[in-house]
1. Within the range 129-160, which residues are aliphatic (A, V, I, L, M) and over 15 Å from G56 (Cβ atoms)?
2. Quick one: how many residues across the range 142-168 are among the β-branched types (V, I, T) and within 16 Å of the ligand (Cβ to nearest atom)?
3. Taking the range 18-72 as the search range and keeping residues that are among the acidic types (D, E) and closer than 11 Å to V144 by Cβ, which one is nearest to the ligand (Cβ to nearest atom)?
4. Among (1) surrounded by 12 or more Cβ atoms within 10 Å (Cβ to Cβ); (2) within 18 Å of the chain's Cα centre (by Cα), which single condition is D137 missing?
5. For the range 84-94, which residues satisfy the criterion of being near the ligand (Cβ under 8 Å from one of its atoms) and either modelled with pLDDT under 95 or among the charged types (D, E, K, R) (or both)?
6. Could you give me the residue pairs with C-beta distances under 8 Å whose first residue belongs to the range 164-182 and is part of a loop (DSSP other than H, G, I, E, B), whose second residue is at pLDDT below 95 wherever it lies, and which are 6+ apart or on separate chains?
7. Need at least 3 residues that are surrounded by 19 or more Cβ atoms within 10 Å (Cβ to Cβ), touching a residue at least 40 places away in the same chain (Cβ under 8 Å) and more than 13 Å from the chain's Cα centre (by Cα) per element, so show me which strands (runs of 3 or more DSSP E) inside the range 26-119 make the cut, counting only ones lying wholly within it.
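The values are calculated or read from the model by the stated rules, or taken from the named source; none is laboratory data. This one's a predicted model, so the numbers in the text were calculated from it and none came from an experiment. All Cβ positions, glycine included, derive from the backbone under ideal geometry; neighbour counts span all protein chains shown.
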Amino acid sequence: MTRSSRPIMTARPTMTVVAAVAANGVIGADGDLAWRNSADLRRLKALTMGHTLVMGRKNFDAIGRPLPGRRTVVLTRRADWAADGVTVVHDAGAELDAALAAIVADTGDTDVFVFGGGEIYAELIGRADALELTEIDAELPGDVFFPPVDWAEWTEVRREAQDGFAWVRYERRPGGDAHTAN
Ligand SMILES: NC(=O)c1ccc[n+]([C@@H]2O[C@H](COP(=O)([O-])OP(=O)(O)OC[C@H]3O[C@@H](n4cnc5c(N)ncnc54)[C@H](OP(=O)(O)O)[C@@H]3O)[C@@H](O)[C@H]2O)c1
């Protein structure tokens, strides 16, 4: 094949779920985070800086603005919803895939972080390649939960114990369902 006839290949995005999860699965309370820790927020920033965040409209409203230095994709079913500096998509399937493919083609950056909240984690965890979880040692009050995880699909590859919580990375086992589930 000559150079000019080679098809244009776009690398597929790598999807990483990032969440802080209490021992009882709680992630949110009254529309806000269930737990805040400055070291964890710094790490979240470092992990995601320069990359793409996919989040639900409720989570975006709670944050209130696009986070600096990152591209923001918001899922909403509202046809008329818009916000400055945000890519809006209306389904978690083909429209999201097209938006992410366009970002990869434009920027060359393939790192996509699934940024919550609960509905978005539940819809996208089946497609994720990795989980970067802050596992909080305590049970917390709240009304939004991380979805059930089939741990047989995941391998723990790193655990960093902190004071009262741990940063844990899981990667999908070979032969798992990434990009075919949901
Ligand atoms: N602990 C953590 O790490 C963490 C991280 C993030 C968020 N949170 C917390 O999680 C809570 C928010 O989570 P949530 O479950 O209530 O809401 P959410 O997942 O942030 O957003 C839900 C909204 O996303 C849109 N949506 C969902 N699925 C869609 C689809 N397939 N197609 C198009 N739009 C779709 C809908 O927006 P419309 O209603 O506009 O149609 C839906 O109401 C907050 O308490 C937040 O603080 C915690």
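1. Of the residues in the range 129-160, the ones aliphatic (A, V, I, L, M) are 130-131, 133, 136, 138, 140, 144, 149, 152, 157.
The answer is A130, L131, L133, I136, A138, L140, V149, A152, V157.
2. The initial filter retains those residues of the range 142-168 that are among the β-branched types (V, I, T), namely 144, 149, 155, 157, 168.
Imposing the further condition that a residue be within 16 Å of the ligand (Cβ to nearest atom) reduces the set to 144, 149, 168.
The number of residues fulfilling the criteria is 3.
3. In the first step, residues of the range 18-72 are kept if they are among the acidic types (D, E); the result is 30, 32, 40, 61.
Subsequent filtering for residues that are closer than 11 Å to V144 by Cβ retains 30, 32.
On the way: D30: 7, D32: 5 Å.
If we take residues in the range 18-72 being among the acidic types (D, E) and closer than 11 Å to V144 by Cβ, then D32 is nearest to the ligand (Cβ to nearest atom).
4. Checking D137 against (1) surrounded by 12 or more Cβ atoms within 10 Å (Cβ to Cβ); (2) within 18 Å of the chain's Cα centre (by Cα), the one that fails is (2).
5. D91
6. H179/R12
7. Values: elements: 26-29, 52-56, 71-75, 86-89, 111-114.
Hits in the range 26-119: 26-29.
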